[in-house]
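Contents: one structure, followed by commentary.
Where a number appears in this text, it was derived from the coordinates with a stated rule and is not lab data. Everything quoted here is computed from the prediction, not taken from an experiment. When we count neighbours, we look across all protein chains shown, and the Cβ atoms used for this are built from the backbone with ideal geometry, even at glycine.
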Amino acid sequence: MAVETPLKGNIGDSIKRKEDDRFIRGKGNYLDDVVLPGMLHMAIHRSPFAHARIKSINTDAAQAVPGVVAVVTGALLAQHKLAWMPTLSGDTQAVLATDKVRFQGQEVACVIATDPYVARDAAALVEVDYEVLPAVVTPQKALEPGAPLIRDEKEGQTNNHIYHWEAGDKAKTEEAFAKADRVVKLDTFYPRCHPSPLETCGIVADVNPATGHATLYMTSQAPHAHRTLFAIVAGLPEQNIRIISPDIGGGFGNKVPIYPGYVVATAASLLIGKPVKWVEDRSENLISTGFARDFHMSGELALRNDGRMLGLRVKMLSDNGAFFADAQPSKFRAGLFHIVTGSYDLPAAHVETDGAYTNKAPGGVAYRCSFRVTEASYLIERLVESAALEMKMDPADIRLKNFIQPEQFPYMSATGFEYDSGDYPRAMQLALDKLGYQELRKEQAEKRKKGELMGIGVASFTEVVGAGPGKHYDIVGLRMFDSAELRVHPTGKAILKLGVKSQGQGHETTFAQIVTEELGIPAADIEVQEGDTDNTPYGLGTYASRSTPVGGAATAMVSRKLRDKAKKIAAHLLEASEADIEFDHGKFFVRGSPSKSKTIQDVAFAAYTNLPDGLEAGLEGVTYYDPPNMTYPFGTYLVVVDIDRGTGQVKVRRMVAVDDCGVRINPMIVEGQIHGGLTEGFGIAFMELITFDEEGNCLGSNFTDYLLPTSWETPKFEMGETVTPSPHHPIGAKGVGESATVGSPAAFVNAVIDAVGHLGIRNIDMPVTSDKVWEALNKVGAAE
Ligand code: CDP
């Protein structure tokens, strides 16, 4: 009988997630589980209008409700210079509106009460006298001359334009277009959607009136950066602020910004001297917190007649809502410019992007994406699909013809970024083989003869994750590095403390596995701690799939630091020279005689009990890791759909996803990440939409209107992998958390267009709902 060796948790082992022990027993500790003695509750009164001047606010009725302790307005905050706060993009945002409301759902007043329901009821009694102003809900209208000025309080702001950025070589791109046999153009829109994590945002602010210490329990993906921002905004000494980010029920970028509710709850706790809890409800989350996308995009591809791409020209216009509060590095739209040329060897490219204020919620978070990578990836993959269609080429062939080849890495893109590694043809071939592509193309041809609509969508995405390096990427000036602190106890058990913060990605397991690989301590013996600023080293947090590329690298490096010291101790124990000591999977031995060895546990004990002369006691260290470059995961996604001409209903028959995220630390967790990402991509492609009527009323403010996929709608995914290590990452890993959300929407939409392209339909904007498909078919006389 074969004896199974239990998995120790090395890199590549699919061990079960350590954190699931508490999650599946309902023993997680989420923000709403935090209950402090004497805690008060806060509710927010929000604007019903998208654009209106505030003439007066009357809080008497709210104040009179038994149980109400205080009603906070912008005027009160203004006395403490807290009515406005800086955003992550260098703009300002109203904490509570004083002059005007600029989007529906904007925070106007807060009620603090002894009971959450009393706070809610009283918030509804706040009376605001508004003078309603015309609302602007598209960036095109916002930029028209004479459009209502949304940010009239900003000195020097005379219109609704926010920024203009460019990347690439304009002249070289013009030359490429002049030489081209043909130019393929696509105008498309990536609609506003929302990360909508299961757990909404919240805070318990506990400012101790005696000591002035503030303990803030917050749903924060970046607790250290938030602490620094709190210190700067509120003028509190940073050492007096402790942010504790407990278990988080999904973030996807939604928990990166600082929201007004956090600020008011903290100010209220400071003023009242008691803990204050605020937890938003689902509608508040959907109408007022960081949305995603809302990008109008126009792309042109210059091609030779044989399908070779010569140049790319892109213009984008983003709708940023009422305050420019995108969560992104300060210098430029990094992700968008990074991979707008996709997986293709494009000799020339030029990209321009502009942003506009509108009367919509602010935020623009990188929803499971690195700073607008998703939009860029969608555009190039849809554009290549259009080119294949117009040139009557197979969508796989045109990609294979233009891929950056494996030997071209490291590859400098036409927009000036260095792709670290890749093997795009291999991933594509594996996906095609898994799907049985050629057979399906034959089936499609047969079906087409019978008038049936079947499509095969192809997308070969390249991603970019793992910001820094710090010299190029910063968030409000904070360089984007990350950190790991490792402490090995005398008994050989360890604690690993990280600057990143899991929201459900399995860090407690995978980061322990990196230590297991480097030091040989079993993963079960390593506790991973994150999310407490008093107890973990400074880091920029978890978003944009940066944990493994940056925090994971820091973990490998600190483990190696400890291994170097452990070698000295092992040499002492083995009475040998350090130069002769070798290490293999947790054992130190003298070169040539592996039978005489000391385990990492022996060495850890000696670090506290039996040291060579001159060596400090203990076995611990900290590393702050500044990555030399980003990592570039990639993959090929293939989707097969069948479309009903009578209803426009799209049925996803199959989906094959081949991903390459370099070395996989825990393949089971990686697959889980991809499954989740594909599901979100499916939802975005077919269901999810936050939209507005002409008056700026939000039409996606609950889960009846904003549709999320359940297991009922979600297709089955067939997965494959290739492994192309990152050359600059200590363990060759790239990030993976967001790849599937970035890569899959184009694959789904390309499948639909592949089914109907021969009828003359070139584009259907997401979400590709049945009614839109039927309308498009009807327009070309192909609906039943
Ligand atoms: O930053 P975030 O944790 O959201 O994303 P990530 O770094 O892509 O990692 C998501 C999860 O997948 C983490 O638990 C990683 O450690 C794991 N992972 C892995 O096992 N192997 C990889 N090559 C990449 C990620």
Q) How big, in percent, is the set of alpha carbon pairs in region 399-552 lying more than 25 Å apart? A) 55
Q) Is the shape of region 382-444 rounded, prolate or oblate, going by the alpha carbon gyration tensor and its root eigenvalues a ≥ b ≥ c, with a/c under 1.5 for rounded and a/b larger than b/c for prolate? A) oblate
Q) Among Leu638, Gly621, Ala606, which residue has its Cα positioned farthest towards the positive end of the charge dipole of region 601-646, with +1 placed on the Cβ of Lys and Arg, -1 on the Cβ of Asp and Glu, and the dipole taken about the Cα centre? A) Leu638
Q.
Within the chain, which whole H helices from DSSP have a Cα span along their axis of at least 20 Å and a mean Kyte-Doolittle hydropathy of -0.5 or more, if any?
A. 373-390, 553-573, 667-686, 739-756
Q: Can you grab the distance from the C-alpha centre of region 595-614 to the C-alpha centre of region 273-339, Å, no decimals?
A: 53
(Q) Quick check for me: using +1 on Lys/Arg Cβ and -1 on Asp/Glu Cβ, what's the dipole size of region 487-558 about its Cα centre, in debye to the nearest 20? (A) 120
**Q.** Neighbour cut-off at most 13 other Cβ (10 Å), DSSP loop, trypsin sites (Lys or Arg not before Pro), region 381-454
**A.** Lys392, Lys450
Q | GluC sites (Glu not before Pro) within region 599-675: DSSP coil, no more than 15 neighbouring Cβ in 10 Å | A | Glu616
Q. Counting pairs of alpha carbon atoms under 8 Å apart in space and at least six apart in sequence, what relative contact order in percent does the chain give?
A. 16
Q: With a/c under 1.5 counting as rounded, go ahead and sort the chain into rounded, prolate or oblate using the C-alpha gyration tensor (a ≥ b ≥ c being the square roots of the eigenvalues; past the cut-off, prolate if a/b is larger than b/c, else oblate).
A: oblate
Q. Taking the convex hull of the alpha carbon atoms in region 35-178, what volume per residue do you get, in Å³?
A. 178
Q: Treat the count of other C-beta atoms within 10 Å as a stand-in for reagent exposure and order Ser559, Ser196 from fewest to most.
A: Ser196, Ser559
Q) Expressed as a rounded percentage, what relative contact order does region 325-402 have, with Cα pairs under 8 Å and six or more residues apart? A) 42
**Q.** Those trypsin sites (Lys or Arg not before Pro) in region 561-638 that DSSP places in a loop and that have at most 12 other beta carbons within 10 Å
**A.** Arg591
Q. With no solvent and one point on each alpha carbon, what is the Debye value of log10 I(q)/I(0) for region 474-625 at q = 0.13, 0.14, 0.18, 0.19 Å⁻¹?
A. -0.58, -0.66, -0.96, -1.04
**Q.** Least to most buried among Asp319, Asp602 (fewest other Cβ within 10 Å first)
**A.** Asp602, Asp319
Q: Return the subset of Lys434/Lys471; Lys16/Lys497; Lys434/Lys651; Lys442/Lys772; Lys154/Lys315 for which the Cα-Cα distance in this structure is over 30 Å, preserving the input order.
A: Lys434/Lys471
Q. Roughly what would the spin-label model give for Gln408 and Lys392, points 7 Å off Cα along C-beta, in nm?
A. 2.8
Q: Would you mind working out the magnitude of the charge dipole of region 474-625 relative to its Cα centre, with +1 at each Lys and Arg C-beta and -1 at each Asp and Glu C-beta, to the nearest 20 Debye?
A: 200
Q) Under a Cβ-Cβ cut-off of 15 Å, what is the net charge of the residues other than Ser502 that fall near it, where Lys and Arg count +1 and Asp and Glu count -1? A) -3
**Q.** Cβ-based exposure ranking for Met391, Met454, Met480, in which fewest neighbours within 10 Å come first
**A.** Met391, Met454, Met480
Q: Please give the peptides 226-238, 142-154 ranked by average Cβ packing (other Cβ atoms within 10 Å per residue), highest first, as a rough proxy for protection.
A: 226-238, 142-154
Q | Dipole axis of the chain (+1 Lys, Arg; -1 Asp, Glu on Cβ), positive-most option in Ala556, Gly468, Ser577 | A | Ser577
Q.
Given bins 5 angstrom wide, list per bin the percent of all Cα-Cα distances in region 254-313, short to long.
A. 4, 13, 14, 12, 9, 8, 6, 6, 7, 6, 6, 4, 3, 2, 1
Q | Positive dipole terminus of the chain, leading residue within Phe703, Tyr378, Ala83 (C-beta point charges) | A | Tyr378
Q. For Leu519, what is the net charge nearby, where nearby means another residue's Cβ is under 9 Å from its Cβ and Lys, Arg count +1, Asp, Glu -1?
A. 0
Q | Given charges at beta-carbon only (K, R positive; D, E negative), |dipole| of the chain in Debye | A | 640
Q: Please give the net charge around Glu127, taking every other residue with its beta carbon less than 13 angstrom from that of Glu127, where Lys and Arg add +1 and Asp and Glu add -1.
A: -1
